[in-house]
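The values are calculated or read from the model by the stated rules, or taken from the named source; none is laboratory data. Please read these numbers as outputs of a predicted model, since none were measured by experiment. Cβ placement follows ideal geometry from the backbone for every residue including glycine, while neighbour counts extend to all protein chains displayed. What goes into the accessible areas is simple: the full protein's heavy atoms, side chains included, and nothing from ligands, DNA or RNA. Shrake-Rupley method; radii C 1.70, N 1.55, O 1.52, S 1.80 Å.
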Amino acid sequence: MDFKAHIRTIADFPKPGIQFYDISTLLAEPPAFAAAIAGLDRLVQGYRPDCLAAIESRGFLFAAPLALAAQARLALIRKRGKLPGSVIGHTYALEYGADHIEISADLLPSGSRVVLIDDLIATGGTAAASVALLRKVGAEVVGAVFLIELAGLGGRAKLDVPSASLLQYQD
C-alpha cells in the first residue's frame, strides 16, 4: 500500500518552516490503518518482544493493537503528571530547554524485552530519552519501530538500539 497517499501534509504547522505529516487521514481510512498495523506488526515481530512501550500520544494508537497481536504487555510513556501511582521519570535536553517523561514504576517487569513504538521519529530526542527511561526501570530495549521516519533529521542515529520504520520522508 502507498501509505504516503493516505498521510496529509500540512505546511507551516505548528510553526513556519515545519512540514507536518498528519496521520489522522490514515487513521480515518480503515483499510489504510489496518495495512499500517499489519506492516508495523511485521517489523515488531522480528524483535520478539514481550512488551511494547508507547510514546504519548500517537504512539498509543499503534502500540495498543500491536501489543494485542503480539500478546505482549503494553507500557505507556507519558509526560509529567499524567500517570497515577508511583512513577519513574527521566528529564532530557531539548534544543531550547528540557522535557520530562515518566513510566509507571511497577507495571514493567525487570528484564522485559521491549520494543519502543511511536508514530514518527524526527530528531530522535524523545525516542532516545524513552530508551534511557526504559533502561532505568530495568528493561532490555531490543528495538524501536516507527510508522514514519523523517530521515533527513537524523533521529535514528541518536538511538543505540536497532530501529525500523514503515515509511520515510527525506525532508
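Here are some notes:
- Number of positions in the range 1-16 that are open to solvent by less than 70 Å² (accessible area, probe 1.4 Å) and either assigned to a loop (DSSP other than H, G, I, E, B) or farther than 25 Å from GLY152 by Cβ (or both): 1
- Pairs linking a residue in the range 21-34 that is more than 17 Å from LEU120 (Cα to Cα) to a residue that is in a helix (DSSP H, G or I) and modelled with pLDDT of 95 or more, with Cβ atoms under 8 Å and 6 or more positions apart or on different chains, are GLU29/HIS6.
- All positions within the range 5-26 that are of a type in the set (D, E, K, R) and at pLDDT 95 or above: ARG8, ASP12, ASP22
- Cross-chain or 6+ apart pairs with Cβ under 8 Å, the range 58-77 first and under 21 Å from ASP22 (Cα atoms) and aromatic (Phe, Trp, Tyr), then modelled with pLDDT of 95 or more and part of a helix (DSSP H, G or I): PHE62/ALA36; PHE62/ILE37; PHE62/LEU40
- Taking (1) part of a helix (DSSP H, G or I); (2) open to solvent by 80 Å² or more (accessible area, probe 1.4 Å); (3) more than 19 Å from PRO162 (Cα to Cα) in turn, ARG42 satisfies each apart from (3).
- Index of the failed condition, LEU153 passing every other in (1) free of Cβ contacts under 8 Å to residues at least 40 places away in the same chain; (2) open to solvent by less than 70 Å² (accessible area, probe 1.4 Å); (3) of a type in the set (A, V, I, L, M): (2)
- Scanning the range 54-75 for residues that are aliphatic (A, V, I, L, M), open to solvent by less than 50 Å² (accessible area, probe 1.4 Å) and assigned to a helix (DSSP H, G or I) yields ALA63, ALA64, LEU66, ALA67, ALA70.
- Unique match (being in contact with a Gly (Cβ under 8 Å, 6 or more places away or on another chain) and modelled with pLDDT under 95) among LEU166, LEU94, LEU159, LEU107: LEU94
- Qualifying residue in the range 93-104 (condition: over 30 Å from LYS4 (Cα atoms), in contact with a Leu (Cβ under 8 Å, 6 or more places away or on another chain), without any contact (Cβ under 8 Å) to a residue 24 or more places away in the chain and not aromatic (Phe, Trp, Tyr)): no
- Top-ranked residue of the range 97-137 - restricted to ones that are closer than 23 Å to ASP41 by Cβ and among the polar types (S, T, N, Q), ranked as farthest from the chain's Cα centre (by Cα): SER112
- Residue in the range 120-129 that is farther than 24 Å from GLN19 by Cβ and either of a type in the set (Val, Ile, Thr) or buried (at least 18 other Cβ atoms within 10 Å of the Cβ) (or both) present: no
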